[in-house]
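A short reminder: the numbers here are calculations on the coordinates, not readings from a lab. All of these numbers come straight from a predicted model, not from anything done at the bench.
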Amino acid sequence: MQHAESEPSSAELLIPDALSDTDLADSFRTQSFHLMQAHPIAAAHLVLAAASIAPTCDAEQDVADQFSYAIVDFAQQLGVLHRRAVNRRAQDAKSVANGH
């Protein structure tokens, strides 16, 4: 019962100690470096996220701009899935709180 209440939010998992945009982007870049060999697609998404959040140069900003247009549909569908998961967790927590 306590488990659902004590789980950190996704934002807390991604942004420990409320990192600045630059620090968050740098963290994504570091994670992508370590992921590249085993999970290149995940690494590419982290690099794109970093470039979108806090680009380090004009070329990185150009890449972020170009690819952001290409993945808009994917991002929208991911948002739908995320909202469904959030709603499902809220319903589960409500059921547990009500003793179901």
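Stretched out fully, how many nm does the piece from THR56 to GLN31 gain, at 0.36 nm a residue minus the Cα gap? Present the calculation step by step, with values, prior to reporting the outcome.
Values: separation 25, 0.36 × 25 = 9.00 nm, distance 1.64 nm.
That pair, THR56 and GLN31, stretches by 7.4 nm at full extension.
Working out 0.36 nm times the residue gap between HIS82 and GLN66, then minus their Cα-Cα distance, what length gain in nm do you get to one decimal?
Stretched fully, the HIS82-GLN66 segment lengthens by 3.3 nm.
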Exercise for review: Would you kindly derive the ³J(HN,Hα) couplings of the range 71-79 from the backbone phi angles with the Karplus curve 6.51 cos²θ - 1.76 cosθ + 1.60 (θ = phi - 60°), listing them in order in whole Hz, with x for Gly and Pro?
Suggested key: 10, 4, 4, 4, 4, 5, 5, 4, x
